[in-house]
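Here the structure is laid out as structure tokens; the discussion comes afterwards.
The values are calculated or read from the model by the stated rules, or taken from the named source; none is laboratory data. Note that the structure is a prediction, hence the values are computed from the model and not measured. Cβ coordinates were reconstructed from backbone atoms using ideal geometry, including for glycine residues, and neighbour counts include every protein chain displayed. Heavy atoms of the whole protein, side chains included, go into the accessibility calculation; ligands, DNA and RNA do not. Shrake-Rupley method; radii C 1.70, N 1.55, O 1.52, S 1.80 Å.
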Amino acid sequence: MEEKKFDVNSFIGMILIGGILIWWMSSTQPEMNQNTETTSEQKIKSDSVAFQNNISSLPSVVNDSLKQVEIQNQLGAFAYSSVNSSEGTTTLENEVLLLKINNKGGQIIEAIVKGYKTYKSLPLYMIKDNNSSFNINFGTTDNRILNTKDLFFEPSLTNNGSSQVLSLKLKVSENQFLEYRYEMTDDYMVNFAVRSQGLSSVINSSNTINLDWSLKGYRHEKSLRTENTMYSYFYYKSDNEVEYLGLEDNEVVNNIDWVSYKQHFFSSILLSDKAFNNAAISSVDLVQDEATDTIFTKKYSLKTPLELANGELNYNMKWYYGPSDYKKLSKYEGTDLNETADLGWGIFGTINRWIFIPIFGMLEGFMGNYGLIIILMTIVVRIIMSPLVYKSYVSSAKMKVIRPELNALNEKYPGKENAMKRQQETMAVQRKAGVSMLSGCIPALLQMPVFFALFKFFPTNLSLRQKGFLWANDLSSYDSVFTLPFEIPWYGSHVSLFTILASTAIFFYMKMNQSQQANMQAPAQEGMPDMSKMMKYMIYFSPIMMLFFFNSYASGLSLYYFVSNLLTITIMLVIKNFVIDEAKIIAQIEENKKKPEKQKSKFRQRLDSAMKQAQEQQTKRK
């Protein structure tokens, strides 16, 4: 190939031609006026802007296309919904509840229980600022694992009569979708359906489909100790039995009809028409230090597999965000949700349900001052219990009359070797006089269920929440008349006046009751503990224990115990000074002694026989 060489003449000719063209263009340019120049400049600028816009829009188009490809690669068939949906929320609201549902995840991101406030007078949120998460995790036939909380649903809000219906669809196509359907009426309970349509070829049935619902409970009440450690529990219904987890606990449970994340006076509940099986449930305590201003109390979580029916999901569920009130929950018949109100187990709950709730409701209908309602309720209870107090006092008076005879028996049969004989003679004297040791104990025992029932009733009574009386601004929580600059272990840093009054009243009651208890006890026998000395210690120990324990407890309960003890002292004084006639009791005992002894029961015969054999064996060992 011939090598190309540089042609100097051609290069010079090109320079000359270029110079001529430049001279010609400059010499033949027409003159332009000011307007023409301005118009040209505007056109140039306009063309420049248009060009720049086209250039800037080009990467956006390219980016959108790349984003769609990326979404398609990540979500597969469910990319359809993400491309055609957008960020946004929908609000469902009635007179008692407000729910805000996010398009992303189709889940509730705000839940406000209307008509109630926190102890700081703020709106009562059950859900806010991502403290709750609801998600369904599933696999697809193109080997992807997806979470609904990351995907966008398409919302549609309609009205069905008086109900608000929100349908959120996670679409594969217009006729293939996963739907969350919320239906709100005028209640705390909201219908919630999870169903799929046309996804049998999209959802991989060989992969487990898991429902995950977790919630970190906000602190709502003044007393963190009682809210968190005494009345906030994970409740669930399994095999027709309502159970609950411990403060820090987890289990795997089958056949669950509902779960309830209870926070003292308010609950977040999920119910299902199909029982959850192999469900992992847990409760975690989030309070590290009760002295700090804690935001959250507990974290509750549920993880359970969902079952497909003919390749599709179809669950009818319900959400409940509202008060943990016995009356309100009782209207949902067949659910047993009212058992989460925690009125006490066994006979204690029965007493609250059938006696104290009706009495309280009746008094509540006549007046609005809840402190006076507690006082009137206390009077009613003490009047009902007064026959037991009278019975106990009569038994005490009888024991006082025969006490000299019992002392004489102790002198007649001294020493451990005569213990059985002494006991036999003591029982014989009591039997002839018509006196029974149990006649004094039984009235006291019968009052104990009432005591423990009310111990549950007042702190869980929603009607008392944030209702004030005298210096107490919340009868469902502790009252405080003075704050200490330091904290006393097991007591706290505040001083509850109602607790001081209740402790003082129980001291004087026990002091007054000591003489009655001394009469009821048989004389101290050799080798046996002296119960009278133990009672003397209890007179001081019980009020101090109550002072520490009840200082952070419901002031309504302390008010009840204060008034109750005052009334009991009054009743005891009336019975002692105006009702019981000791001369009449002595005459009755003497009359009983003259009567022929009744035929012994089989139990009494066996008891006497056993004591006689023990006495004989004791005599042989001498």
Do we find that residue 187 is in a strand (DSSP E or B), open to solvent by less than 70 Å² (accessible area, probe 1.4 Å), touching a residue at least 60 places away in the same chain (Cβ under 8 Å) and charged (D, E, K, R) in this structure? no
Quick check: anything in the stretch 227-239 open to solvent by 50 Å² or more (accessible area, probe 1.4 Å), part of a loop (DSSP other than H, G, I, E, B), of a type in the set (S, T, N, Q) and within 29 Å of residue 109 (Cβ to Cβ)? no
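Here's the yes/no breakdown for (1) surrounded by 20 or more Cβ atoms within 10 Å (Cβ to Cβ); (2) over 30 Å from residue 182 (Cβ atoms); (3) not aromatic (Phe, Trp, Tyr):
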| residue | (1), (2), (3) |
| --- | --- |
| 326 | yes, no, no |
| 330 | no, no, yes |
| 352 | yes, yes, yes |
| 356 | yes, yes, no |
| 367 | no, yes, yes |
| 376 | no, yes, yes |
| 395 | yes, yes, yes |
Would you call residue 460 assigned to a loop (DSSP other than H, G, I, E, B), in contact with a helix residue (DSSP H, G or I) (Cβ under 9 Å, 6 or more places away or on another chain), surrounded by 17 or more Cβ atoms within 10 Å (Cβ to Cβ) and at pLDDT 85 or above? yes
Of the residues in the stretch 110-135 that are out of contact with any Phe, Trp or Tyr (no Cβ under 9 Å at 6 or more places or on another chain) and within 24 Å of residue 169 (Cα to Cα), the one that is least open to solvent (accessible area, probe 1.4 Å) is 129
Answer yes or no as to whether residue 339 is surrounded by 13 or more Cβ atoms within 10 Å (Cβ to Cβ), acidic (Asp, Glu) and either without any contact (Cβ under 8 Å) to a residue 40 or more places away in the chain or part of a helix (DSSP H, G or I) (or both). yes
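Looking only at residues that are hydrophobic (A, V, I, L, M, F, W, C) and without any contact (Cβ under 8 Å) to a residue 40 or more places away in the chain in the stretch 342-354, which one is nearest to residue 448 (Cα to Cα)?
Here the answer is 345.
Results for (1) without any contact (Cβ under 8 Å) to a residue 60 or more places away in the chain; (2) part of a loop (DSSP other than H, G, I, E, B); (3) in contact with a strand residue (DSSP E or B) (Cβ under 8 Å, 6 or more places away or on another chain), shown as yes or no for each residue.
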site: 136; (1), (2), (3): no, no, yes
site: 143; (1), (2), (3): no, yes, no
site: 155; (1), (2), (3): no, no, yes
site: 158; (1), (2), (3): yes, no, yes
site: 164; (1), (2), (3): no, no, yes
site: 169; (1), (2), (3): no, no, yes
site: 172; (1), (2), (3): no, no, no
site: 179; (1), (2), (3): yes, no, yes
